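Notes follow once the structure below has been shown.
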Amino acid sequence: MAATVQPIRGMNDLLPAETPVWQWVENRARALFDAYGYGELRMPLVERTELFARGIGESTDVVEKEMYSFADRNGDSLSLRPEATASCVRAALTHGLIHNQQQRLWYAGPMFRYERPQKGRYRQFHQIGAEALGYPGPDVDAELILMSARLWRELGLGDLRLELNSLGTPASRQGYRRLLVEYFSDRRDALDEDSLRRLASNPLRILDSKSPDMQAVIAAAPEITAHLDTESAEHFERLQAMLAGAGVAFRINPRLVRGLDYYSRTVFEWLTDRLGAQSAVCSGGRYDGLVEQLGGRPTPATGWALGMERLVALVTGNVPPPPTPDAYLVPVGAAAETEAPGLAESLRDAVPGLRLVMHCGGGSLKSAMKKADRSGAALALILGEQELGASTLSVKPLRENGDQLPLARPELLERLRDGVRNRRHR
């Protein structure tokens, strides 16, 4: 016997027992975006490597170490998307979506990064995100944060906490960058290997180090909020006032810098203590320079993305049970098995919304009825020789007491319609 083919490490199957939770979260997110006026954008999984090198930043960990990149048959360098914001901006530029107009967009799908797999961090992972392109003020930053807070409420999550920071403009950040380089250069002996590498290329990322040995030196480093330009400081203060006015609690974290180069001004994260080391559930911020960086006109932009694997782990206890069938059709005998598929389709046509499972694979009536019971269906519909001759179906209640009764088609349809109505009103 040939050896079975194993899945790629860090890329996981979602089994039928798991997908109802994902669908529940996705459906609530989709309804939320619709209520706020965000339109869905679907982008390719594969983009030119140049897009992420220019958009995310060549010195970031994502581009340097984590992307799945390869040459296609034409010799072009392509990459599986490691995140979606750069792809979203590329799509908006390709199709003229932000030419003299603004856009509220959302997306969902898989992303890919070559990381060490662990709980809440995988090589194929899934995100849902929202992006607002063409809006310069803190009002849309506040809207995006409030929209995410509403999603947590609808999912029954009351223990996420919000952290905020501002990175200022690229110009003001350069001055802060010089202060950091000077500060950390004087303390090189306290830096780990990663931080020494980042000192020359991306010193702000040192502030994001999780190394326990680095925390004391990071805590004493200059804070970026003390070095913001006037306009960025006003933007940040107005955002805080809007969130406070809407009743959203937050904490200012001057060490919050995010891992991608395109961020400017507002950055934020929603955090939890229930997922171990992977505490960030949703992250985002403003990226006012990215559109121009990718060849467009200067365009303000902001957005966020949530990690589905982490969110699903948090909401599992809040999810309603998966849907069960309204009825399970059991054909008995060769003639009934021949008629059953057509009958099942006619019942689905006649009763909109009917959840009907047809027994397949033969076997005895006893074993078929056991499967009907295990399905969770409210009714078993039995089609045998007697029912075929009388143009009826025998209906047996499976979830409550009641006799098995033969019903002609009009009575059967009314019984099924009542069941669908009652289910919808429960």
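Just give me the residues in the stretch 274-298 being touching an Asp or Glu at 6+ places or on another chain (Cβ under 8 Å), over 23 Å from Gly96 (Cβ atoms), part of a loop (DSSP other than H, G, I, E, B) and not charged (D, E, K, R), in sequence order. Residue satisfying the conditions is Ser279 alone.
Within the stretch 51-65, not a single residue is on the phi < 0 side of the Ramachandran plot, buried (at least 16 other Cβ atoms within 10 Å of the Cβ), modelled with pLDDT of 95 or more and touching a Leu at 6+ places or on another chain (Cβ under 6 Å).
Output the number of residues of the stretch 122-132 satisfying the condition of being out of contact with any Asp or Glu (no Cβ under 9 Å at 6 or more places or on another chain) and over 17 Å from Ser283 (Cα atoms). Of the residues in the stretch 122-132, 1 are out of contact with any Asp or Glu (no Cβ under 9 Å at 6 or more places or on another chain) and over 17 Å from Ser283 (Cα atoms). Within the stretch 329-358, residues that are assigned by TED's automatic domain parsing to the domain that holds Gln386 and more than 16 Å from Asp418 (Cα to Cα) reach partners that are aliphatic (A, V, I, L, M) and in a loop (DSSP other than H, G, I, E, B) with beta carbons closer than 9 Å, at six or more positions or on different chains, in the pairs Val357/Ala377. The residue that is farthest from Gly10 (Cα to Cα), counting only those in the stretch 117-131 that are out of contact with any Pro (no Cβ under 9 Å at 6 or more places or on another chain) and of a type in the set (A, V, I, L, M, F, W, C), is Ala130. None of Tyr114, Tyr135, Tyr176 is closer than 15 Å to Arg286 by Cβ and among the aromatic types (Phe, Trp, Tyr) except Tyr135. Within the stretch 10-47, the set of residues being part of a loop (DSSP other than H, G, I, E, B) and among the hydrophobic types (A, V, I, L, M, F, W, C) comprises Met11, Leu14, Leu15, Ala17, Leu41, Met43, Leu45.
Filtering Val357, Val330 for residues that are in contact with a His (Cβ under 6 Å, 6 or more places away or on another chain), within 28 Å of Pro16 (Cβ to Cβ) and hydrophobic (A, V, I, L, M, F, W, C) leaves a single hit, Val330. Checked against the criterion of being free of Cβ contacts under 8 Å to residues at least 12 places away in the same chain, among the polar types (S, T, N, Q) and either under 18 Å from Arg258 (Cα atoms) or surrounded by fewer than 16 Cβ atoms within 10 Å (Cβ to Cβ) (or both), the stretch 155-170 has no qualifying residue.
Within the stretch 259-273, one or more residues are part of a strand (DSSP E or B), aromatic (Phe, Trp, Tyr) and assigned by TED's automatic domain parsing to the domain that holds Ala132. For the stretch 289-302, state whether one or more residues are surrounded by fewer than 21 Cβ atoms within 10 Å (Cβ to Cβ) and more than 30 Å from Ser232 (Cα to Cα). No: zero hits.
Residues are listed down the side, and each one gets a yes or a no for (1) assigned to a strand (DSSP E or B); (2) surrounded by 19 or more Cβ atoms within 10 Å (Cβ to Cβ):
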position: Phe70; (1), (2): yes, no
position: Ser79; (1), (2): yes, yes
position: Pro82; (1), (2): no, yes
position: Ala86; (1), (2): no, yes
position: Glu131; (1), (2): yes, yes
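Within the set Arg423, Arg399, Arg417, Arg348, the sole residue that is in a helix (DSSP H, G or I), at pLDDT below 95 and of a type in the set (D, E, K, R) turns out to be Arg423.
Among the residues of the stretch 385-426, the ones that are surrounded by 13 or more Cβ atoms within 10 Å (Cβ to Cβ) and hydroxyl-bearing (Ser, Thr, Tyr) come to 2 in all. When the stretch 91-124 is filtered for residues that are of a type in the set (S, T, N, Q) and either outside any strand (DSSP E or B) or over 19 Å from Ala305 (Cβ atoms) (or both), the ones remaining, listed by number, are Thr94, Asn100, Gln101, Gln102, Gln118.
Scanning the stretch 245-264 for residues that are crowded, with 21+ Cβ neighbours inside 10 Å and modelled with pLDDT of 95 or more returns no hits. Filtering the stretch 64-93 to residues that are over 22 Å from the mean Cα position of the chain (by Cα) and within 22 Å of Ala130 (Cα to Cα) leaves only Leu93. When the stretch 317-345 is filtered for residues that are in contact with a Leu (Cβ under 8 Å, 6 or more places away or on another chain) and either of a type in the set (Val, Ile, Thr) or part of a helix (DSSP H, G or I) (or both), the ones remaining, listed by number, are Asn318, Val330, Val332, Ala335, Ala336, Glu339, Ala340, Leu343, Ala344.
The values are calculated or read from the model by the stated rules, or taken from the named source; none is laboratory data. Because the structure is a prediction, the values reported are computed rather than measured. For neighbour counting, all protein chains shown are included, and Cβ atoms are generated from backbone atoms with ideal geometry for every residue, glycine included.
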